[in-house]
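Right, one structure below, let's go through it.
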Amino acid sequence: MSRLLILPVFLLVSLLMPTGLKAEESLPDLEALIRQVETQYNGLSSHAVARMDIQTRNWQRSLVMEFWSWRRDRFLTRILEPAREKGVSTLKLDNEVWNYLPKVDRVIKVPSSMMGGSWMGSHITNDDLVKSDRIDQLFDFTLAQENAEIYQIVCQPKPQTVTVWGQLVYTIDKQHLTPQQVDYFDEEGLLVRQIFFDQIRQIEGRSLPLRMTVVPHDKPEEQTVLTYEQLTFETELTESFFSLRQLKQR
Amino acid sequence: MLLKLAYFNLWRNPRRTLLTLSALVVSAALLILALGIFSGMMADILSSATEQYRGHIVVSRPGYQSSRDLFLTFDQHSADWTLWQQPGISALAPRLRAFALLSGVEDSQPAELLGVDVDREPLVTRLLPAVQPVGGVAVSGRAWVGEQLARRLKVGVGDELVVMTQAADGSLANDLLTVAGLFNSGDTGRDRRLLLVELTWLQGLMVLPGRIHELAMRVERPLYAAQLARQLQEQLPTHAPAKGVALEVDDWGRLLPQMQEAIASYDVSRAILVLILYSAAALGVLNTFYMSVLERSYEFGMLLATGMRPRRLKNLILLESLLLGSLASLLALLFGGALTHYMAESGIDLSDSIGPITYAGGSLPPRLHAVHEVGNYLIPLAGLLLVSLVASYLPARRAARLQPADVLRGN
């Protein structure tokens, strides 16, 4: 009899405890904040056209791409320009990433060892693209600084989390609840790269930064700028749109 | 006169002389054989490290060998410079290297693509199977894939591979390759990540037309590659076109420092081996000569009594010993040379019991095999002469100090 009671009571207590604590300290829910920032471009589903300008020491180029997403789990992007690479597509299915190469009409899976590698030659990694690092779930948060304009949140990986990052620092605009800047540190605490967000616009009732600039810290003369040209949410897309078959067909 | 006397003295007791002689000959001959096999192992390791993949001397832009930076390229026409047509260099081959994602039947793997000239590369390294007729293979490029990489990608000869990487202009490079052959270099690290492709195909893929990363060379005397590399480096500025980029000439010793250490440590172990073996031989010789001096006390006393100077007597004994040593050297040279020659020609195959051993950046094939090297003969033979001199010095001194009156009276 007593055994039957223990479980519900335990559950009740564990549910009440954290929320009770949060209310007392009147802290913002950091996890929710980060989750919102991390999923700002996703929504339930989204469709976008963006332009990517990449500047490196050896070359520079621009790509125009179309994006589709479904929750956080499925993601498809296709190159529209330049013509030589038109149709090259990337599909994220849960935790797997596939590339479709129209020139040779083949699908190639990105091995997990290369998820940290560059996506399409930019300073954005495959990991960034698919948000396979679920920051809000895999990291612990502390509020490092707060003033009238911003929250600064330090994210540290939970002990069991496997990630290349030692620490992330988010600077979040209080008014719009959009990110201004994210600093990425490696396991030795050295700054690796920074992402800056700006050009905040209202889109379907959400405030969103339409421009994202990625700067690697060791090569400050290089950068990747991703600018959203069109962005719509809650499209008619369904989960089945994001499949390997679709990847090949289009 | 003294020499003749010494020679006759040696054969006055043939059994004693022959015993000493055989001890010297056997130890020196076996030492020559052991050093030959040792050198053979070193040559095997060195050739696996250099002749399979790197080459003995490599010319590239400064910094390329450590960074493998795609953009550190130079003009492939530099392969035709007259600078390279000098004695000592037996062949050279241009190469371009890229890193790419490869996909086979289902799995994909990161890999190193080495673009080679299929006609010239086999003259420098051995990974590429001898040039194959082009027939049958169609539009796409041909690839020779490391066996373990092929296994991971689940492909065999004739299968297709998808290559995806980033070209030098930033664009997304992708193409198909057909597996033309597999190789097994014995170095698992290499077999797991390397594939050879045609140079022009890779230049096209990477948008680097006419560009290469390396000139790999084969030289006639690999152990002296460092000297040759230095010479080439000095002559380079006068040969390279004025607008040419700076190039660096590296020998295998700089590319594979651990290999150079292994070879340096071989020289030390060779010295230790010689020392140990000859300490034993020297004691034997010392014993024989002491006994013979004791036995011949009467004779020496007579010589001294008839007016021979003690110094001359000492020299006589030393000369006897030196003669014995020379004779032993000659026989050891013949005998040891014959043994080494047999091991160089036939060798002993151990592949039934052990596999190749990876060591110091190279791999050691499972065989015992000797090579001829001048040092391996000179050192044992010089050691032999030295030992016979040193070991006879004490007995000779003793003989020279004999008091003729005492000796003669004693008998």
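Kindly identify the stretch B:166-262 as rounded, prolate or oblate by the Cα gyration tensor criterion: order the square roots of the eigenvalues as a ≥ b ≥ c, call it rounded if a/c is under 1.5, otherwise compare a/b with b/c, prolate if a/b is larger, else oblate.
Details: a/c = 2.58, a/b = 1.26, b/c = 2.05.
Note, shape of the stretch B:166-262 comes out oblate.
Given Cα pairs under 8 Å that are at least 6 residues apart, what percent is the relative contact order of the stretch B:197-310? Kindly include the intermediate steps, with their values, before the conclusion.
Values: 23 pairs, mean separation 15.5, N = 114.
This gives 14 percent for the stretch B:197-310.
Using DSSP to define loop residues, name the trypsin sites (Lys or Arg not before Pro) in the stretch B:188-277 whose beta-carbon has at most 16 other beta-carbon atoms within 10 Å.
Listed in order of number, the matching sites are B:Lys243.
Taking the Cα centre of the stretch A:55-203 as origin, sum charge times position over the Cβ atoms of Lys and Arg (+1) and Asp and Glu (-1), and report the length of that vector in debye to the nearest 20. Walk me through the numbers before you get to the answer.
Numbers: 18 positive and 20 negative charges, 158 e Å.
It comes to approximately 760 debye.
Go through the stretch A:29-90 and name the trypsin sites (Lys or Arg not before Pro) that are in a DSSP coil and have 14 or fewer other Cβ atoms within 10 Å of their Cβ. Present the calculation step by step, with values, prior to reporting the outcome.
Numbers: sites: A:Arg35, A:Arg51, A:Arg57, A:Arg61, A:Arg71, A:Arg72, A:Arg74, A:Arg78, A:Arg84, A:Lys86; in loops: A:Arg57, A:Arg71, A:Arg72, A:Lys86.
Here the trypsin sites (Lys or Arg not before Pro) that fit, given the DSSP loop and packing criteria, are A:Arg57, A:Arg71, A:Lys86.
May I ask you to sort B:Leu316, B:Leu294 by Cβ crowding, counting other Cβ atoms within 10 Å and putting the fewest first?
Working: B:Leu316 21, B:Leu294 11.
If I rank by nearby Cβ atoms, fewest first, I get B:Leu294, B:Leu316.
Which residue, chosen from B:Thr50, B:Val207, B:Leu304, occupies the Cα position most advanced towards the positive end of the dipole of chain B, where the dipole is computed from +1 (Lys, Arg) and -1 (Asp, Glu) charges on Cβ about the Cα centre?
Most positive-ward Cα: B:Leu304.
Kindly provide the GluC sites (Glu not before Pro) of the stretch A:121-197 that DSSP labels as loop, not H, G, I, E or B, and whose Cβ sees at most 12 other Cβ atoms within 10 Å. Can you show the working numbers first?
Details: sites: A:Glu146, A:Glu149, A:Glu187, A:Glu188; in loops: A:Glu149, A:Glu187, A:Glu188.
Of the GluC sites (Glu not before Pro), the ones in loops of the stretch A:121-197 whose Cβ has at most 12 other Cβ atoms within 10 Å are A:Glu149, A:Glu187, A:Glu188.
Taking only Cα atoms, what is the 0 to 90° angle, nearest 10, from helix A:2-25's long axis to the longest principal axis of chain A?
70
What angle, in degrees between 0 and 90 and rounded to the nearest 10, separates the Cα long axis of helix B:310-345 from the longest principal axis of the Cα atoms of chain B?
So the helix axis and the longest Cα principal axis differ by about 30 degrees.
In what sequence do B:Phe300, B:Phe71, A:Phe233 fall when counting other Cβ within 10 Å, fewest first? Write down the numbers at each step before the final one.
Numbers: B:Phe300 21, B:Phe71 15, A:Phe233 18.
Ranked by crowding around the Cβ, least crowded first: B:Phe71, A:Phe233, B:Phe300.
For the protein assembly as shown, give me the percentage of DSSP beta bridges that are antiparallel, rounded to the nearest 5 percent. It would help to have the intermediate numbers written out before the result.
Working: 126 of 137 bridges.
Antiparallel: roughly 90 percent of the beta bridges in the protein assembly as shown.
Taking neighbour counts of Cβ atoms within 10 Å as a proxy for exposure, in what order, fewest first, do B:Thr238, A:Thr232 appear?
Numbers: B:Thr238 7, A:Thr232 13.
If I rank by nearby Cβ atoms, fewest first, I get B:Thr238, A:Thr232.
Values in this text are rule-based calculations from the coordinates and carry no lab data. Keep in mind that this is a model prediction, so the values were computed, not measured. We place every Cβ from the backbone using ideal geometry, glycine too, and count neighbours over all the protein chains shown.
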